[in-house]
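Undergrad: Got a structure here, written out as structure tokens. Questions coming.
No value in this document is a laboratory result; all are computed from the given coordinates. Since we're looking at a predicted model, the values are computed, not measured. Neighbour counts are summed over all protein chains in view; Cβ atoms, including those assigned to glycine, are modelled from backbone coordinates with ideal geometry.
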Amino acid sequence: MKLAKLLTVAFLTAVALFAFCFPATAASGKPIVLGCPLSTAFLYGWDAERGIKLAVEEINAAGGVDVGGQKRPFKVEVMDTRDLEPGVPVSEALLVVEKLILEKNADFIMGGPVRSEAALAAMDLLSKYKKVSIVTTGVLTPKYHARVGKNYDKYKYCFRITGEAKWMVGGEIIPCLLGIGKKFNLNRLFIMIQDVAHARAGGKIIAKIMAKKGWNVLGQEIYPTGTSDFSMGLLKARRKKAQVILIWMDMPQTSILLKQWYDLKIPALPFGSIISAAEQPGFWKATEGKGEYCLANVVNAGNAPCEATPWTMKFYNAYTKRWGIEPEGYGTSSSYMAPYVLKAAIERAGSLDPEAVIKALEQTDMMGVYGRIRFDPKTHQVIPSLYPKKGAVGTIFQWQAGKRVVVFPKSIAMGEIKLPPWMMK
Amino acid sequence: MAEQRRKERIDRGIKVRADSIYALMSLKEISYLTLPRLILIVGFLLLPILMPSAYWQRVISITCIYALLALSFDFLAHYVGLVSLGGAFFIGVGAYIAAVGNTSLGLPIYLTIPLATLGGGLICTLLLLPCLPLRGVYFAIVTLMYPLAMARIIEALDIFGGTDGIMGVASFPVWWIEQYFVILALLGFLFGMRRLVNEDIGLVFRAVKDNDQAVRASGINITYYKALAVFIASAMGCLGGACLTHIYMWAGISQFALDFSILPIAATVIGGGGTLAGPVLGCLILVPISELLRAFGTLRIVFYAAVLMGFVVFRSEGLMVYGERKYHQFERWVKV
Amino acid sequence: MDILVYGIINSISLALVALGFALVYGISRLPNFAHGALYVVAGFLTWSLARAAGINYLLSMLCAMLLTGIMGAMIYRFLLIRVRGMAISEIIASYAMGLAILEGLRWWGFKGMTYTLPPFVEGSIMVLGVPVDYHRLLVVVIGAGVVLVLWLFTHQSRIGLALRGMAQDERAALMLGIDSDFMALLAMGFGSMLAALSAVLLLPLGNIVVEEGYNILILAIAVCIVGGLGSWMGAVLAAFLIGFAQIITVVYLGSHFQMVVAILAIIITLILKPSGLFGKQKELEERV
């Protein structure tokens, strides 16, 4: 009896899932399968899933992709890799990539895997099966595009359309910090980062560069994934009279950190290079406003409202209408762009042949949601810039009065950075 | 007075006829004894060829690696009395040794695998040596903690590639070597262990499980035998880890993940503990079904946990034990 | 000075988390590996009642505690009672239950970082020259209160004495007419309620995520092992030891060693003295 009930639930769930997976095809022809290995139970998985699905729905409704004269629709195959879960080995993610390629006959891989470890390991798989892949969320490590550059012939199949840590640090975080320093006359920095490769590397570089620029780097605290107590770090920051706290963590416990910062009224500005808890629109309500004045970096513009290009707000509103919530996380706008970029490349190449599509992708030059989208021909990394007309623009926003206000880069800023009132004394 | 009946369970006729040398009487008796084993061996050898796609062939390789782990768990738990919840530790150590051997020392694949198996077994045994005197729940918890500790230590000290892991490890040169190496290793170890537990040393192991004080009283050094058992079991696990590394061309701290500890235990529970072939059967059931259910996303884990719970509570003897019983004996109602 | 204050806060938090586990093991020798899952379930139940259904916060907390307690008792009555006495089967069965609950919650939709509970009081105060927020102070006060109440309950009330009797010697208790199964049921219920209590106290400090369940289980096991499986006071003392060890590690060694400290504590304790600090010294039962 119990088994029968369980099976019925399972069957109905399968039917429901199937129904959702069927895209609205206004185009005929064999569908082009986009395999998406994503960690769908996590923010950096479902942000990509929703971005990709939205784009695919729009493309299919407009007729699909023109492959050498024939119009074909995109088909999205999302598979849960669970790779952002702490207890799950990366081999699960790799198995999912293989399943998508070998069983679901994915023509292209899009979105993930999300965890840097898994993405790096998947590069060898992609080169083995000769499948073009565009990473659109997660994977902040600069090692990804460095590997492509070092061994172009082997890894040329791997593209990344989302920002990465090296540019984030050098091109966005450092100038933003310097700007804050000049504006409010601050120069004391305290660093709190998570014990993962990209955070550690980023934190080290930031400490070195800020020290060279004359800032006082008061200390660096590294927290293993899963830490739930940051009291000592915050107290140290307070004692040493830190004025800016740099935070680089993508674990959910960041909300503990921010809540405690607010309650203890630490007189320092929380500057999040990556601070995942603060990236969701629901953050304000969840913390009863204690997250105010926190800055967060969402890597690609379009994840918070701004007017980088005419397409930005069009995307923002379309997403909000389709999913009932504003874009969250940092993979949304980049995942939305990826199908469009791929569509353009396929139409330029006239076929699905990987070599042709690779050459066509390298020639990409379109005004997307977050600026001008171009790939570096040697490393296949999207070319970043501080100006939407020149390249892909990142975004740093600050929570002000319940809204996410973009404050950097200046070219797309919608507001000014504010200091918490207890710092102004 | 109403007729009373009881259920009687007796050996099948053919089992009695196939006892010891009388098995050679005719083909029927011989096949009764050898057919199950032949089916197992032939079945495993045919699997990569029968699989519809390269993805399923990969699943078979993963199943064999998990089966090696399950075999080592069953051996330790039911033949030596050491319940080890830390299969992930063996996989991780084997994986890292193979990866470091291949990338830093430049050893080719046919050297790294034996190095990982033997060297890994040695290292695991040395690290577990202080814990060997522990019993029961305590040993279980300590072994559960070892892979977690290793993962955190590698993360904190940032050695061996830290959280990124070691990439670019060589893969198997030819497809059929990749497939059959693991299968042959599994079959070799399966039948080897079954033989081992019936040898003299196997008797000592089983005695340690039953009553270690008695063994000690006989003047035998228990710690030595436990260490030997752990060496054998960890060598199996490390072999699995090395194969995993070479299949995926990468090693990282996620190979100390809890999943590698839990699945062998589930496979043993479902397949039947104590029979050594049961855990292999359990893996053969669990891993493909787990892959088939991937479409359900997270619900698949709930299913899996529910099945495990059901088996532990209701059918804790496992499929293999049940199957063996049915194969050798039959039941009938008799008048009292 | 901040080491003292925050050490106490950290220790009481650990003690709260571990007490439920220690209680269940101490009374009926059941390792309840679903402890972490019950913790998270209590959090989500409170959230659902308080935020989604809009019921009064205190009332939802009490309801969640009660429901979690009932859930724990049901787990015992329908699942663990059948494997009572077989240690490894108990571990596997309760772990599988915990896994099913946690992943079930995730499948149901409890994902992301926006599930939070409001703290009881806002603001902060200076204690001995160290700023502490009110909620953490409340945690310390309530935690100490819980330990006191538990001590009184098990030493003064009839049921409490019966539970202690079970823990000391099951056979003797049975001879005195104390029903072992019913006591185990009560123990699971109380243990789960304690898990729920620690959840509603500690979760407002951050947010509720499913991964927390796994972390909590490791911490509870760590504290109970170091303190000695079966001894409640041992668990409290071990919580203080590990809590202070973690804080001191953060201040003097480096914050990235704090997780290693907890796990190494378990391993070292088990190697040197498996019965922990206050566990009953059953020498032959624990090592050869």
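Undergrad: Place a +1 charge on the Cβ of each Lys and Arg in the stretch C:8-209 and a -1 charge on the Cβ of each Asp and Glu, then give the dipole magnitude about the Cα centre in debye, rounded to the nearest 20.
TA: That gives the stretch C:8-209 a dipole magnitude of about 180 debye.
Undergrad: Same structure again: Helix B:27-50 sits at what angle to the longest principal axis of chain B, using alpha carbons and giving 0 to 90 degrees rounded to 10?
TA: 30
Undergrad: Measure out, as a whole number of angstrom, how far apart the alpha-carbon centroids of the stretch B:143-177 and the stretch A:254-301 sit.
TA: Cα centroid to Cα centroid, the span is 34 Å.
Undergrad: Stick to Cα atoms and the Kirkwood definition of Rh, then tell me Rg/Rh for the stretch C:8-209. Don't jump to the answer; show the numbers that get you there.
TA: Numbers: Rg = 17.8 Å, Rh = 17.8 Å.
Taking Rg over the Kirkwood Rh, I get 1.00.
Undergrad: For chain B, what is the number of Lys pairs with C-alpha distance below 29 angstrom, counting only pairs 8 or more positions apart or on separate chains?
TA: So the count of such lysine pairs works out to 12.
Undergrad: Please give the average number of partner chain Cβ atoms lying within 10 Å of the Cβ of each residue in C:115-127, rounded to a whole number.
TA: The per-residue average across the peptide is 3.
Undergrad: If I take R0 = 51 Å and measure r between the Cβ atoms of B:R12 and B:N211 in this structure, what FRET efficiency does the formula 1/(1 + (r/R0)^6) give, to the nearest 0.05? Please report the intermediate quantities before stating the final value.
TA: On the way: r = 33 Å, r/R0 = 0.65.
That pair, B:R12 with B:N211, gives E of 0.95.
Undergrad: Report the convex hull volume per residue for the stretch A:195-272, counting only C-alpha atoms, in Å³.
TA: On the way: hull volume 6.2 nm³, N = 78.
For the stretch A:195-272, the hull spanned by Cα atoms encloses 79 Å³ per residue.
Undergrad: Taking a temperature of 37 °C and a viscosity of 0.692 mPa s, what whole-number D in µm²/s does Stokes-Einstein yield for chain A with Rh from Kirkwood over alpha carbon pairs? Walk me through the numbers before you get to the answer.
TA: Values: Rh = 22.1 Å.
This corresponds to a translational diffusion coefficient of 149 µm²/s.
Undergrad: Sticking with this one: Taking a ≥ b ≥ c as the square roots of the Cα gyration tensor eigenvalues, with a/c under 1.5 meaning rounded and otherwise prolate when a/b beats b/c, else oblate, which class fits the stretch B:48-107?
TA: Details: a/c = 3.30, a/b = 1.12, b/c = 2.96.
Judged from the Cα gyration tensor, the stretch B:48-107 comes out oblate (a/c at least 1.5, b/c at or above a/b).
Undergrad: Any idea which of B:P264, B:I183, B:I220 is furthest toward the positive side of the dipole for the stretch B:183-276, if Lys and Arg beta-carbons carry +1 and Asp and Glu beta-carbons -1?
TA: B:I220
Undergrad: Among B:F191, C:F44, what is the fewest-to-most ranking by other Cβ atoms within 10 Å?
TA: Numbers: B:F191 15, C:F44 20.
Final ranking by Cβ density, sparse to dense: B:F191, C:F44.
Undergrad: Among C:T114, B:A170, A:V196, whose Cα projects farthest towards the positive end of the dipole of the protein assembly as shown, with charges put on the beta-carbon of Lys, Arg (+1) and Asp, Glu (-1)?
TA: C:T114
Undergrad: Any lysines with Cα under 21 Å of the A:K53 Cα? List them, leaving off those in the same chain fewer than 8 positions away.
TA: Partners within reach: A:K30, A:K71, A:K75, A:K99, A:K104, A:K131, A:K314, A:K321, A:K343, C:K111.
Undergrad: Å³ per residue of the Cα convex hull, for the stretch A:328-414?
TA: Values: hull volume 8.1 nm³, N = 87.
That works out to 93 Å³ per residue.
Undergrad: I'd like to know which of C:I8, A:I222, A:Q381 lies farthest towards the positive end of the charge dipole of the protein assembly as shown, counting +1 on Cβ of Lys and Arg and -1 on Cβ of Asp and Glu.
TA: A:Q381
Undergrad: Report, in whole Å, the centroid distance computed from the Cα atoms of the stretch A:353-389 and the stretch C:116-171.
TA: 59
Undergrad: Let me know the mean shielding of B:316-323 by other chains, meaning the per-residue number of their Cβ atoms within 10 Å of its Cβ. Show your work: numbers first, answer last.
TA: Numbers: counts 6, 0, 0, 0, 0, 0, 0, 0.
For this peptide, the per-residue mean of nearby foreign Cβ atoms is 1.
Undergrad: Okay, moving on. Assuming a ≥ b ≥ c are the square roots of the Cα gyration tensor eigenvalues, decide whether the stretch C:1-52 counts as rounded (a/c under 1.5), prolate (otherwise, with a/b larger than b/c) or oblate.
TA: Numbers: a/c = 3.67, a/b = 1.13, b/c = 3.24.
Here the stretch C:1-52 falls in the oblate category.
Undergrad: Ok, one more. What list of ³J(HN,Hα) values in whole Hz, one per residue of the stretch B:227-234 in order, does the Karplus curve 6.51 cos²θ - 1.76 cosθ + 1.60 (θ = phi - 60°) give from phi, with Gly and Pro shown as x?
TA: Couplings: 4, 4, 4, 5, 4, 4, 5, 6 Hz.
Undergrad: Could I ask something else about it? Rounded to the nearest 10 degrees, what's the angle between the helix B:277-292 long axis and the longest principal axis of chain B, both from Cα atoms, 0 to 90?
TA: Roughly 60 degrees, rounded to the nearest 10.
Undergrad: Under the rule a/c < 1.5 gives rounded, and otherwise a/b versus b/c splits prolate from oblate, where does the protein assembly as shown land using the Cα gyration tensor?
TA: Verdict is oblate for the protein assembly as shown.
Undergrad: Right, here's the next one. I need A:M366, A:M249, A:M424 ordered by Cβ neighbour count within 10 Å, fewest first.
TA: So the ranking, lowest neighbour count to highest, is A:M424, A:M366, A:M249.
Undergrad: Between C:I70, C:I221, C:I55, where does the largest GNM mean-square fluctuation fall for chain C, given springs only between Cα atoms within less than 10 Å?
TA: Of C:I70, C:I221, C:I55, the Gaussian network model singles out C:I55 as fluctuating most.
Undergrad: Within 10 Å of each Cβ of A:274-282, how many other protein chain Cβ atoms are there on average?
TA: Values: counts 0, 0, 2, 7, 1, 1, 3, 1, 5.
The shielding value for this peptide is 2.
Undergrad: Using Cα atoms only, what is the angle between the long axis of helix B:299-314 and the major principal axis of chain B, expressed in degrees (0 to 90) to the nearest 10?
TA: Roughly 40 degrees, rounded to the nearest 10.
Undergrad: Anyone know which of B:Q57, B:Q255, B:Q213 comes out most mobile in the 10 Å Cα GNM of chain B?
TA: Residue with maximal mean-square fluctuation among B:Q57, B:Q255, B:Q213: B:Q213.
Undergrad: Which order do C:V24, B:V334, A:V88 fall in if you start with the one that has the fewest other Cβ atoms within 10 Å? Let's see the in-between values first.
TA: Values: C:V24 29, B:V334 9, A:V88 20.
The order, fewest Cβ neighbours first, is B:V334, A:V88, C:V24.
Undergrad: Now a separate question. Would you compute, from DSSP H runs of 4+ residues alone, the mean residue ellipticity of the protein assembly as shown at 222 nm, taking -39500 (n - 2.57) per run and dividing by the full residue count, rounded to the nearest 500?
TA: On the way: 40 runs with 600 residues, N = 1049.
Counting only the DSSP helices, I get -18500 deg cm²/dmol.
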